[in-house]
Amino acid sequence: MQTTGYFDSPWPCEDAGPARLQAAANASSLNLEAGASLQATSRRTHMSTMTVLGAPGEVFLLTHSVLRSHLGFPSSANVSLIDPITLKTVRQSVPLAGGPMWPGGMAVHANGSLIVVYGRYAHKLDRQCNLLKSYLLPIHEAYNSFVVLNNGLVVTKNLSSSTPAQLTTLNPETFKSACNDVICPEASIARLSAIGNTVYVVGVSRVWRYHWHDASQRLVRDTKWQCHYLQNAPQSYAWDMVIEGDHGWLMDNGQHNYLMSMLGAGQNKSPNRLIRISLKQTDSFQTWPVSGLPFGSVTNPPLVDVARRIVVGFDSANRHLKAWRMISSPDSSDVQLQEIWHLPEMGAASHMLLFPNSGELCVNDYERFNEQVVVLDIETGREKSRVRTGGWMQGVVFPSPGWHNDFYWCSMDRLTRVFQATPRT
């Protein structure tokens, strides 16, 4: 889904767009044939977060350093233009000021520049990785990425389980505040989502939204809509929300103690849930258990295949991956889900990548110090192929497609290019 605020590329930002559908342009696919195998090229990285695509052949990598507060050194970020095949660095930015550590975000803006939010700073760079402007964000906390609205404005927020979320809106040209900051009703852990000029904020118990109001040139809260998704529920907060038509999809029980992996990292004894919320009716939502096991947990969103009407959820802490078919009732605003496949012992934790044209779903699988990337048929759950990334840590960040029927996988300590192996003759 192309949005006018982003550069016209197959993958200009995390999750391919602010609706977080995680779907590549229809022309892209791996087209793995029966019996085909995957191959990988990888390089060690220092806390890689994501790759995004600019003009044809351009691949940008966002990495960051580790916070060393006990030594008095704050963390910083780097942007690299890398070779799309070898992964070698072609150009690299100067260290970008950050501060409190949390994986940030990067996007290629419609105006052609790179936007980065990391720590408590926003940065604007050209596509040769030269720093143009920086903006110090108001709260001394990590900011977890941003969304670009259709009008080009950049909206970001602080990440906290206690400090109320504060939305800062930046003008992409001047790189100054476009309006007064907005204080949200509660804290927010999840990343922002957006459709058009509307921003959705997933708080620690509720979801609410803000519309950009042209006349007053500011974000205005929609007081007629919200969703209290944790109402009367023992689970902990939800992570990022996927927007699909009139529905928002997310998963809860997001509190965990991830260090090397999500395995056994859940901190709430309840099972985690897949949640569908209505974007038309206030406080209207449905829930489904994923694995049904205690201490279920995730740190990322589900995936929705819009054309096939399939939603994929997971329980990273217990290693379960499940898919349902969406069935809409003609006389109800509810959605029925029919389970179509279930893979226990699949250690998926990262944001995912869907090639809609071929129905190829890319996920990760993890056991102790061994991460693998797996390509599944989203209709059946059948495994087409898998390959080791070489990463010791379980990836919980962002993949992207490449330019050559391939894709990139970030695993914090490793960047991997995955492609189809050349058949032996």
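Read the figures in this text as sums done on the coordinates, not as results from a lab. Here the structure is a predicted model, which is why all the values come from computation and not from measurement. No Cβ is skipped: glycine too gets one built from the backbone with ideal geometry, and neighbour counts run over all protein chains shown.
Odds and ends about this structure:
- Estimated dipole of the chain in Debye, rounded to 20 [Cβ of Lys and Arg +1, of Asp and Glu -1, Cα centre]: 760
- Residue-wise HN-Hα couplings along region 215-225, as the Karplus relation 6.51 cos²θ - 1.76 cosθ + 1.60 with θ = phi - 60° gives them from phi, are 4, 9, 6, 7, 7, 10, 6, 7, 6, 8, 9 Hz; Gly and Pro carry x.
- Highest average packing first - 199-205, 252-258, Cβ atoms within 10 Å: 199-205, 252-258
- Averaging Cα coordinates gives a centre for region 195-249 and one for region 4-27; these two points are 20 Å apart.
- Sites listed here are trypsin sites (Lys or Arg not before Pro) in region 370-425 whose DSSP assignment is loop and whose Cβ has at most 14 other Cβ atoms within 10 Å: Arg382, Arg424.
- Kirkwood radius, the chain, all distinct C-alpha pairs, inverse of mean reciprocal distance: 21.3 Å.
- Mean projected area in nm² (Cα convex hull; one quarter of hull surface) for region 333-425: 8.0
- Ordering of 312-325, 271-284 by burial proxy (mean other Cβ atoms within 10 Å per residue, highest first): 312-325, 271-284
- Cross-link table Lys88/Lys384; Lys88/Lys124; Lys224/Lys280, entries beyond 18 Å C-alpha to C-alpha: Lys88/Lys384; Lys88/Lys124
- Eligible aspartates and glutamates near Lys176 by straight Cα distance, threshold 18 Å, same-chain separation 8 or greater: Asp126, Asp214
- The amide H of Val90, built 1.01 Å from its N in the peptide plane, has Leu81, Ile82, Asp83 as neighbours under 5 Å, considering only residues 5 or more places off or on other chains.
- Restricting the GluC sites (Glu not before Pro) of region 335-383 to loop positions (DSSP other than H, G, I, E, B) with no more than 16 neighbouring Cβ atoms within 10 Å leaves Glu345, Glu379.
- Within the straight-line cut-off of under 17 Å between alpha carbons, the aspartates and glutamates reachable from Lys157 are Glu14, Glu141, Asp181, Glu186, Asp240, sequence neighbours fewer than 8 places apart in one chain being disregarded.
- Region 102-195: Rg to Rh, with Rh as the Kirkwood radius over Cα pairs: 0.94
- Percent RCO, i.e. relative contact order, over the chain, from Cα pairs under 8 Å lying at least 6 residues apart: 16
- Working from Cα pairs under 8 Å separated by at least six residues, relative contact order for region 382-425 is 32 percent.
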